[in-house]
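The values are calculated or read from the model by the stated rules, or taken from the named source; none is laboratory data. In this text the structure is predicted, and so the values were computed from the model without any measurement. No Cβ is skipped: glycine too gets one built from the backbone with ideal geometry, and neighbour counts run over all protein chains shown. Note: areas computed on protein heavy atoms with side chains; ligands, DNA, RNA excluded. Shrake-Rupley method; radii C 1.70, N 1.55, O 1.52, S 1.80 Å.
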Amino acid sequence: MAGLTLTSFGGAGTVTGSKHLLQSPAQTLMVDCGLFQGIKNLREANWRPLPIPGDRVDAVVLTHAHLDHTGYLPRLVRDGFSGAVHCTPATRAVAEIILRDSAHLQERDADFVNRKKATRHSPALPLYDDGDVTRALARFEVHPPHTPFSPLPGVEATFRSAGHILGAATVTVDWHGRTVAFTGDLGRYDDPLMFDPEPIERADVLVTESTYGDRLRNATPAIEALERVVTEGIARGGTVLIPAFAVGRTQLILYHLWQLRRAGRIPRVPIFVDSPMAINAGELLRDFPDDHRLDPALTDEMFAVAKYTRDPAESKEISADRSPKIVLSASGMATGGRILHHLAAFASDPRTTIVLAGYQSVGTRGRSLADGARFLKLYGEWVPVNAHVEDLHMFSAHADGDELIRWMSGFTRPPEHGFVVHGEPQAAESLRLRMRREFGWDATVSVPNRVYSIGG
Ligand SMILES: [Zn+2]
């Protein structure tokens, strides 16, 4: 096939596993290299070989560091990828934290299976290990936003701020006379920590996320919703448990708790950040002061609102303590991490409040809680859920339907064609319909693994 083609392996029909291939007859560029997360058959997809071998991918461009956009990279390297990985400086720093944690979880899970099933003849293997992460990180090349770079001969690419998490960017790729724009994950407007997503003025082809394509921002401001659930939860004499994505959400919630505490709007109970990864991610706000809105002078004051626990023994002490408190812990969808032992300790207590503060993928414990599950499987046991569950999805780091449309209105010349990715089917289809209705744009909801010709 002459010209350029676009193929999405993951992040099409689902929100995880984003991997988009841009190919000319001679070269292959991968945009994002994410891991599938969530239900078992989706996670198992990480073990299926890619339709293209690692050594046939010539370069990778990353929009941001979240695991569902970077988590397959160490595996790609293990499978023979030897090109460069391009991203913004902050994305590299965040990706190092996320990928090292991911390797640790992969190694621990394989170890757990081996001990439990004692499969001496066919031991479970990790998808990758820390050595693969080190080899992947050695391939990184960083480029600040607005600085064009050349990921492959004859190809020029540029990052712009996407506002989603620290370092997150959209990317435009100029190749064969065509401009292809990828939103990556778009953030929200007027976020207190992240800058607004920057518009792109022109592209021939737009590849857009659609996580919340069918949802609108709740009219209640996030800070007021948090004030209510914390005040009510503490008044019941219980623990307010917040499963929070270590990177981004934890810092945003901390910001709001700090504001509420300063204004005397919430009771003075202890606040714990019980996630080593969240602590490390928070420190990056100091390392990259130009990549977010928080005044450096106020960063220390904000962080001082909470107590930080790295030691697992201290973490266990928090769940043994029954007095009212607020606990932020990862992972954000309760798929793993320290939040699990806090849920095991507190979910059955009717005084507990569980606050969901971001997108919850199908098949995760977070999604079960959002859907009203009365029992949660934790460490092989069914634990009754008597806690109050509050779904504050206005804390999501994703643009909602109106914000996606607002961002698209920044094009001064409309794209010839759009591809809608990174959404569950209904969200993707509803964004596609809005693009047609509001702008008259032609768009396709990408089918995984289908090769689309995009001209050039
Ligand atoms: Zn993301």
Listed highest first by mean packing, meaning other Cβ atoms within 10 Å per residue, what order do 99-109, 297-307 come in?
99-109, 297-307
So the FRET efficiency between ASN41 and ALA297, C-beta based with R0 = 51 Å and rounded to 0.05, is 0.55
Would you please put 311-321, 231-241 in order of how densely packed they are, using the mean number of other Cβ atoms within 10 angstrom per residue and starting with the highest?
231-241, 311-321
What 222 nm value per residue comes from the helices of the chain, counting each DSSP H run with n ≥ 4 as -39,500 (n - 2.57) and dividing by all residues, nearest 500 deg cm²/dmol?
-9500 deg cm²/dmol
Just how far, in whole angstrom, is region 374-423 from region 180-211 if you go by their alpha carbon centroids?
15 Å
When DSSP beta bridges are limited to those with both residues in the chain, what percentage is antiparallel, rounded to the nearest 5?
45 percent
With charges only on Cβ, +1 for K and R and -1 for D and E, what is the dipole size of region 115-173 about its Cα centre, in debye, rounded to 20?
520 debye
Work out from phi, with θ = phi - 60° and the Karplus expression 6.51 cos²θ - 1.76 cosθ + 1.60, the ³J(HN,Hα) of each residue of region 51-68, listed in order in whole Hz, and give x for Gly and Pro.
x, 10, x, x, 6, 8, 8, 8, 7, 10, 10, 10, 7, 6, 8, 3, 4, 6
Relative contact order, percent, of region 353-456 when contacts are C-alpha pairs under 8 Å separated by at least 6 residues?
21 percent
Label-point separation, SER150 to SER348 (7 Å along Cα→Cβ), nm
6.5 nm
For the chain, what relative contact order do you get, as a whole percent, if you take Cα pairs closer than 8 Å and at least 6 residues apart?
19 percent
Just how large is the dipole of the chain about the Cα centre, in debye to the nearest 20, putting +1 at every Lys and Arg Cβ and -1 at every Asp and Glu Cβ?
1220 debye
Under the rule of at least 5 residues apart or a separate chain, name every residue whose amide H is placed under 5 Å from the amide H of SER348.
ASN386
For the chain, the charge dipole (Cβ of Lys, Arg +1; Cβ of Asp, Glu -1; about the Cα centre) points to a positive end, and the Cα of VAL57, GLY154, PHE9 closest to that extreme belongs to PHE9
Going by Cα centres, region 340-361 and region 1-76 are how many Å apart?
32 Å
Between PHE375, VAL269, MET394, whose Cα lies farthest towards the positive end of the dipole of the chain when Lys and Arg beta carbons carry +1 and Asp and Glu beta carbons carry -1, centred on the Cα centre?
PHE375
At 1.4 Å probe size, with every protein chain present, just tell me what the per residue accessible area of the chain comes to in Å².
40 Å²
Take every DSSP beta bridge whose two residues both sit in region 222-395, then give the antiparallel share in percent to the nearest 5.
20 percent
Would you please give the FRET efficiency between ARG78 and ARG236, computed as 1/(1 + (r/R0)^6) with r the Cβ-Cβ distance and R0 = 56 Å, to the nearest 0.05?
0.70
Out of the total accessible area of the chain (probe 1.4 Å, heavy atoms of protein only), what percent is carbon and sulfur?
52 percent
